[in-house]
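K.L.:
Quick one: this structure, given as structure tokens, is what I'll be asking you about.
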Amino acid sequence: MKEPKIKFDHVTKIFETRNQSITAVKDYSMEIQEGEFVAILGPSGCGKSTLIRMLDGIIPTTSGDIYIDGQKVNHEKKKMPQEVLRKMGFIFQQPNMLPWFTVRQNISLPLQVFALKGAKWEKQVDELLEMVGLKEYANAYPSEISGGMLQRAGVIRAMVHDPEILLMDEPFGALDELTREQMNMELLDIWSKTGKTIVFITHNIEEAVLLSSRVYVMGTQPGRLVETVDLNLPRPRQLSMITQPEFIEYRQKLERFIGKIDLSKIK
Amino acid sequence: MAKNEAITQRKKKEKKDPVNIIAPLVVLAIIYVGLEIGLRVFDVPAYVMPTPTNILIGTIKSFDIILPDLLFTIKIICIGFCIAIPAGIVLAALFSQFDIIVKAMQPVVIWLVITPMITLIPLMTLWLGTDPNLRVIVVIIQATPIICLNTLNGFIHVEQEKLEFAKSIGASKFETFIHITFMNALPQVFTGIKLGCIFSTIGAVSADFVSRGMGLGDRIIKFLKYSNFEQSYGCIVLIALIGISLYTIVSAIEKRIVLWKK
Ligand SMILES: Nc1ncnc2c1ncn2[C@@H]1O[C@H](COP(=O)(O)OP(=O)(O)OP(=O)(O)O)[C@@H](O)[C@H]1O
Ligand SMILES: [Mg+2]
């Protein structure tokens, strides 16, 4: 059997604050194959960001192991090795551009840090800028472009070093409905062209069903995996699909899971 | 062409609005004329305030006496200032690396900023001897803490998300510092340096007052002694001009470097 691209093996994260310890993620296991587009769905505060930030080496795990390509990547305290980080691109909830650099400088920064030099990578920057329609704004500062453009810049900054995995933490949550739908379609397009493995975090059920092949539903207190739902919907996905019966069925199923979580919370 | 639209727009913004130059000049002219008329009409004695024209004439007439002191003061301020800038920034960079030091040093730095250095000068003359060039040290002690304090403020208030981005690409401590922490602090570094201009000038002149023998501060007192009020006022104006010039130079450099803030 093929090695899963990403594997969580009983991962737990406990935050120790001054007066209490918060179990943000409890005993979480999942396996994601190469080239899959999966969604992680759950209400606010259920530990979605914590999960993905452990995967990208931003915060350490408390217990359990994370594997990428069969290699254990999480170490207590120690920094995640550069060659592992290179496999991943992280797209933040906010665009998170550095205001003191131009769009181009922002997008080139990962290349500089990963020591990827040369004409090939320069061309990569140009192509990505072109792809998301930011070519004319390459020399603008982040404060001079719109929110949608900023988020696009965030997407290509995560892709510039050609990672095999894209980690997206509610990437389009701050955008208006229309821009968001458009960005989602662009994302599907990128995915089908590049075959990257994508982990997409959202609290929007429709978005999860529209984009992914599998949805991991998380519950709160403690943050944990409550359900895994495989979606047998045809590709390529289109916005018009959201009115089809299969789509609605999946949506209602997920709604019930999320609803259950909410009920248990009230109790 | 569409390609450079964003850049051209910024260039346009950078272009100086003539109003920005003319307006202060008009205000200056009004103050000059207003004072000239007011002081004459109310017959204000010269020891309270001479008229601007008399100040100008007196200063020009005695300029050969003033010039060595002017050059000396400029030298002291510039040398002190040029040492205080890197010293303030480097100290802040060092402090910011260690949380405990930030907590421990901040009160000390604030204490240094608010202590009027003039109170220490007599002591320092005692320690350091009377070489006038040692006044540089007064300028450094006066300007470094304010530069350090502002810079440190910028260094320790970095958005968590920006640092997480650095982590997500595996940036080293040094890379994180130069690409994120330092750049984030740059506007505050300049605020510190601009305040430093003012503090350096104050430091140099107060050192003159105490140590005597040289410098514009000393020259003011000498002129007063012989009732040359016009010339004393002239020296005061010159001191202000030194401060303003430094401030203007720093602002101009800031505009060229901190391009992302309008
Ligand atoms: N650095 C931290 N220190 C202490 N507690 C934290 C920290 N980061 C997250 N938490 C806690 O962990 C829990 C999960 O937070 P997390 O940000 O992962 O949620 P989320 O699912 O991403 O929520 P949202 O949808 O609102 O972004 C929350 O209860 C939060 O308070
Ligand atoms: Mg989150």
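The values are calculated or read from the model by the stated rules, or taken from the named source; none is laboratory data. Treat the numbers as computed from the prediction; the structure is a model and nothing was measured. Cβ atoms come from the backbone with ideal geometry, glycine included; neighbour counts cover every protein chain shown.
K.L.:
Since A:Trp121 meets every condition but one in (1) of a type outside the set (Val, Ile, Thr); (2) surrounded by fewer than 16 Cβ atoms within 10 Å (Cβ to Cβ); (3) more than 12 Å from every other protein chain (Cβ to nearest Cβ), which condition does it not meet?
P.N.:
(2)
K.L.:
May I ask you to verify whether B:Lys13 is surrounded by fewer than 17 Cβ atoms within 10 Å (Cβ to Cβ), within 26 Å of B:His157 (Cα to Cα) and at pLDDT below 80?
P.N.:
Values: surrounded by fewer than 17 Cβ atoms within 10 Å (Cβ to Cβ): yes; within 26 Å of B:His157 (Cα to Cα): no; at pLDDT below 80: yes.
Criteria not met by B:Lys13.
K.L.:
When you go through (1) over 17 Å from A:Arg224 (Cβ atoms); (2) within 16 Å of ligand 1 (Cβ to nearest atom); (3) touching a Pro at 6+ places or on another chain (Cβ under 8 Å) one by one for A:Lys26, which number turns out not to apply?
P.N.:
(1)
K.L.:
Residues of the range A:155-172 being within 16 Å of ligand 1 (Cβ to nearest atom) and not in a loop (DSSP other than H, G, I, E, B), which ones?
P.N.:
Going residue by residue through the range A:155-172, those that are within 16 Å of ligand 1 (Cβ to nearest atom) are A:167-172.
Correct list: A:Leu167, A:Met168, A:Asp169.
K.L.:
Could I ask something else about it? Would you point out which residue out of A:Val25, A:Val38, A:Val11, A:Val73 is modelled with pLDDT under 90, surrounded by 17 or more Cβ atoms within 10 Å (Cβ to Cβ) and of a type in the set (Val, Ile, Thr)? Working first, answer last.
P.N.:
Details: A:Val25 fails: modelled with pLDDT under 90; A:Val38 fails: modelled with pLDDT under 90; A:Val11 fails: modelled with pLDDT under 90.
A:Val73 is the lone residue from the list that is modelled with pLDDT under 90, surrounded by 17 or more Cβ atoms within 10 Å (Cβ to Cβ) and of a type in the set (Val, Ile, Thr).
K.L.:
Filtering the range B:129-178 down to residues that are in contact with an Asp or Glu (Cβ under 9 Å, 6 or more places away or on another chain) and closer than 30 Å to B:Trp111 by Cα, which residue is surrounded by the most Cβ atoms within 10 Å (Cβ to Cβ)?
P.N.:
This residue is B:Arg135.
K.L.:
Answer with yes or no whether B:Leu126 is among the aliphatic types (A, V, I, L, M), assigned to a helix (DSSP H, G or I) and surrounded by fewer than 17 Cβ atoms within 10 Å (Cβ to Cβ). Even if it seems obvious, please write down each step before you answer.
P.N.:
Numbers: among the aliphatic types (A, V, I, L, M): yes; assigned to a helix (DSSP H, G or I): yes; surrounded by fewer than 17 Cβ atoms within 10 Å (Cβ to Cβ): yes.
Criteria met by B:Leu126.
K.L.:
Right, here's the next one. Anything in the range A:29-58 that is within 14 Å of chain B (Cβ to nearest Cβ) and near ligand 1 (Cβ under 7 Å from one of its atoms)? List them, or say none.
P.N.:
Pass one, the range A:29-58, residues within 14 Å of chain B (Cβ to nearest Cβ): A:49-50, A:52-58.
Listed by number, the residues that qualify are A:Ser49, A:Thr50.
K.L.:
When the range A:81-108 is examined, which residues are found to be within 20 Å of A:Thr194 (Cα to Cα), crowded, with 21+ Cβ neighbours inside 10 Å and within 9 Å of another protein chain (Cβ to nearest Cβ)?
P.N.:
A:Leu85, A:Met88, A:Gly89, A:Phe90
K.L.:
Hey, any hits in the range A:172-190 for a residue that's within 13 Å of chain B (Cβ to nearest Cβ) and within 22 Å of A:Ala115 (Cβ to Cβ)? I'd like the intermediate steps shown before the answer.
P.N.:
Keep residues of the range A:172-190 that are within 13 Å of chain B (Cβ to nearest Cβ), which gives A:174.
Among the residues that remain, those that are also within 22 Å of A:Ala115 (Cβ to Cβ) are: none.
Within the range A:172-190, not a single residue is within 13 Å of chain B (Cβ to nearest Cβ) and within 22 Å of A:Ala115 (Cβ to Cβ).
K.L.:
Considering the range B:20-57 alone, what residues qualify as being among the aromatic types (Phe, Trp, Tyr) and exposed (fewer than 14 other Cβ atoms within 10 Å of the Cβ)?
P.N.:
Step one: of the range B:20-57, the residues among the aromatic types (Phe, Trp, Tyr) are B:32, B:42, B:47.
Residues satisfying the conditions are B:Phe42, B:Tyr47.
K.L.:
Here is a list: B:Gly34, B:Gly80, B:Gly88. Which entry is assigned to a helix (DSSP H, G or I), farther than 30 Å from B:Ala185 by Cα and not β-branched (Val, Ile, Thr)? Even if it seems obvious, please write down each step before you answer.
P.N.:
Working: B:Gly80 fails: farther than 30 Å from B:Ala185 by Cα; B:Gly88 fails: farther than 30 Å from B:Ala185 by Cα.
Sole residue among the options that is assigned to a helix (DSSP H, G or I), farther than 30 Å from B:Ala185 by Cα and not β-branched (Val, Ile, Thr): B:Gly34.
K.L.:
Still on this structure, please answer the following. Quick one: how many residues across the range A:190-242 are aliphatic (A, V, I, L, M) and assigned to a loop (DSSP other than H, G, I, E, B)? Walk me through it before giving the result.
P.N.:
If we filter the range A:190-242 for residues that are aliphatic (A, V, I, L, M), which is where we start, we get A:190, A:198-199, A:201, A:205, A:208-211, A:215, A:217-218, A:225-226, A:229, A:231, A:233, A:239, A:241-242.
From the residues that got through so far, the ones that are assigned to a loop (DSSP other than H, G, I, E, B) too are A:231, A:233.
Count: 2.
K.L.:
Then there is this: Based on this model, can you work out whether B:Pro116 counts as at pLDDT 80 or above, loosely packed, with under 13 Cβ neighbours inside 10 Å and under 22 Å from the mean Cα position of the chain (by Cα)?
P.N.:
On the way: at pLDDT 80 or above: no; loosely packed, with under 13 Cβ neighbours inside 10 Å: yes; under 22 Å from the mean Cα position of the chain (by Cα): yes.
No; evaluated as a whole, the condition is false for this residue.
K.L.:
Let me ask something additional. Given the conditions (1) more than 16 Å from ligand 1 (Cβ to nearest atom); (2) in contact with a strand residue (DSSP E or B) (Cβ under 7 Å, 6 or more places away or on another chain), and given that A:Asn106 satisfies all but one, which numbered condition is not satisfied?
P.N.:
The number of the failed condition is (2).
K.L.:
While we're looking at this one, here's another question. Within the range B:117-125, is even one residue within 14 Å of another protein chain (Cβ to nearest Cβ) and not aliphatic (A, V, I, L, M)? Don't jump to the end; show me each part of the working.
P.N.:
The first filter runs over the range B:117-125 and keeps only residues within 14 Å of another protein chain (Cβ to nearest Cβ), leaving none.
No: zero hits.
K.L.:
Among the residues that make up the range B:217-225, is at least one of them buried (at least 22 other Cβ atoms within 10 Å of the Cβ) and under 13 Å from B:Ile76 (Cα atoms)?
P.N.:
Yes: one or more hits.
K.L.:
Now, a different point. Give the number of residues within the range A:24-47 that are within 16 Å of ligand 2 (Cβ to nearest atom) and out of contact with any helix residue (DSSP H, G or I) (no Cβ under 9 Å at 6 or more places or on another chain). Even if it seems obvious, please write down each step before you answer.
P.N.:
Going through the range A:24-47, the residues within 16 Å of ligand 2 (Cβ to nearest atom) turn out to be A:24-25, A:28, A:39-47.
Keeping just the survivors that are out of contact with any helix residue (DSSP H, G or I) (no Cβ under 9 Å at 6 or more places or on another chain) gives A:44-45, A:47.
Qualifying residue count, the range A:24-47: 3.
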